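The values are calculated or read from the model by the stated rules, or taken from the named source; none is laboratory data. Remember, it's a predicted structure, so these values are computed and weren't measured experimentally. Cβ atoms come from the backbone with ideal geometry, glycine included; neighbour counts cover every protein chain shown. Surface accessibility is based on the protein's heavy atoms, side chains included, excluding ligands, DNA and RNA. Shrake-Rupley method; radii C 1.70, N 1.55, O 1.52, S 1.80 Å.
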Amino acid sequence: MSSIRHLIHGLVRDVGFPVRRLLPAAAVRTVGPFVFFDHMGPVEFDSNTTEGDVRPHPHIGLATVTYLFSGAMMHRDSLGVVQRITPGAVNWMAAGGGIVHSERIPEDIRDAKVPVHGLQMWVALPQSEEQGAASFHHYAESEMPHFEIGAASVHLLTGQAFGQISPVKTSSPTLYVCVRLPAGASLQLPADYSERAVYIVTGAAAVDGEALEAGVLAVLEPGNEAVLTASTDSLFMLLGGEPIDGPRFVWWNFVASSKELIETAKLAWRAQDRSKFAVIPGEVEWIPLPEK
């Protein structure tokens with residue numbers, strides 16, 4: 001019996017630069033609380049342009065989780081937070097009932113032609129928090145557990161795994177792990193969470209002998225302690241957690257347990273209602289509400 005329930009190849013989307021979108025997919029809408037998964041880059045951005053900059057835009061009902069392998073981004077939000085996002089750090093922004101943020105490519109990264117490469121994830125907030133207060137938390141790479149399991153180099157970002165616990169505060173059981181595995185080495189993937197998936201960022205591997213190439217999300221069968229074996233030097237992510245508390249609607253940058261909450265957010269952003277979506281200090285632009 002295969003340890004892989006679904007293979008998701010994703011679709012290339014243009015968000016000002018190409019990204020590979022793995023979630024939501026037709027076969028799988030969520031993995032644990034993860035409702036959105038974009039793999040961006042690696043891509044270099046020219047100096048004296050705004051290519052790659054994501055102008056101010058709103059969110060509700062979710063937490064954004066940004067994780068970089070190379071390059072940097074500058075985060076600004078309507079709470080007044082200004083934070084440079086660097087490789088290995090976890091940046092957790094909970095939108096609650098409404099937040100606005102921008103992410104721009106720093107000039108030094110553009111000038112030095114440093115490739116920007118990373119993952120942008122959304123985690124659905126529990127219904128009890130989806131209309132709560134917004135917040136932002138930055139966790140430096142050094143704050144999270146780094147350890148070796150055999151030949152595997154493991155960086156635990158959120159949750160509990162391999163006997164370690166991450167300090168990153170989440171709103172529901174959430175697993176997120178970055179692993180580097182040399183060619184020929186293997187790692188047993190724990191089955192501590194109900195829903196799990198493996199994503200090969202670079203390299204190639206096999207899950208219980210079933211080949212898995214880079215850029216494909218493999219959703220695993222629950223309860224199976226699968227073994228991942230690297231065919232070449234590989235970088236992969238293990239993600240998942242417990243199922244969210246009910247279905248979610250996703251429209252543009254909004255996630256909610258009801259269509260009414262999304263309609264309210266749409267009206268507020270179109271009207272630039274500052275009581276719901278405040279201005280980011282120092283920003284004068286914004287992305288208009290899409291027509292569809």
So if the hydrodynamic radius of the stretch 134-292 is defined as the Kirkwood radius over C-alpha pairs, what does Stokes-Einstein give as its diffusion coefficient at 20 °C and 1.002 mPa s, in µm² per second? 117
What net charge is computed for the residues neighbouring Pro290, neighbours being all others with C-beta under 15 Å from the C-beta of Pro290, Lys and Arg scored +1, Asp and Glu -1? +2
How high is the relative contact order of the chain, in percent, with contacts defined as C-alpha pairs under 8 Å that are six or more residues apart? 21
Relative to the chain, whose Cα atoms define the longest principal axis, helix 259-270 and its Cα axis are tilted in degrees, nearest 10, by 50
Dipole check, the stretch 115-197, charges on Cβ (K,R +1; D,E -1), about Cα centroid: among Ala152, Ser166, Trp122 the Cα furthest to the positive pole belongs to Ala152
Quick query: amide H of Ser231 versus all other amide H atoms, modeled in the peptide plane; which residues come in under 5 Å with a sequence gap of 5 or more or a different chain? Gly184, Ala204, Ala205, Ala206
Once you order the gyration tensor axes a ≥ b ≥ c over the Cα atoms, which shape class does the stretch 1-152 get: rounded for a/c under 1.5, otherwise prolate or oblate by comparing a/b with b/c? rounded
Could you tell me which of rounded, prolate or oblate describes the stretch 89-147, using a ≥ b ≥ c as the square roots of the eigenvalues of the alpha-carbon gyration tensor, with rounded for a/c under 1.5 and, failing that, prolate when a/b is larger than b/c and oblate otherwise? oblate
So if I take the centroid of the Cα atoms in the stretch 189-212 and the same for the stretch 269-288, what is the distance between those two points in Å? 40
Return the Rg/Rh value of the stretch 159-238, two decimal places, where both radii are evaluated on C-alpha atoms and Rh is the Kirkwood radius. 0.96
Find the relative contact order for the stretch 44-117 and round it to a whole percent, using C-alpha pairs within less than 8 Å whose residues are 6+ positions apart. 45
Å³ per residue enclosed by the Cα convex hull of the stretch 173-217: 87
Residues of the stretch 113-149 with amide nitrogen under 15 Å from the 7 Å Cα-to-Cβ point of Ser258? 127-132
Please list the non-local residues whose amide H lies under 5 Å from the amide H of Ile149, H modeled 1.01 Å from N, same-chain partners needing a gap of 5 or more. Val154
Regression test value, accessible area per residue of the chain, probe 1.4 Å, units Å², expected 42
For the stretch 1-105, state which GluC sites (Glu not before Pro) are in a DSSP loop and have at most 13 other beta carbons lying within 10 Å of their beta carbon. Glu51
Taking all protein chains as present, what is the carbon and sulfur share of the accessible area of the stretch 1-113, in % to the nearest whole number, probe 1.4 Å? 50
Matching label for the computed Cα extents along the principal axes in Å, out of [x] 87, 51, 35; [y] 45, 44, 33; [z] 54, 46, 34, is [z]
Potential lengthening between Ala26 and Ser186 on full extension [0.36 nm per residue; Cα-Cα distance subtracted]: 54.5 nm
Could you name the aspartates and glutamates in cross-link range of Lys259, using Cα to Cα under 20 Å and dropping any fewer than eight places away on the same chain? Glu129, Glu130, Asp245, Asp273, Glu291
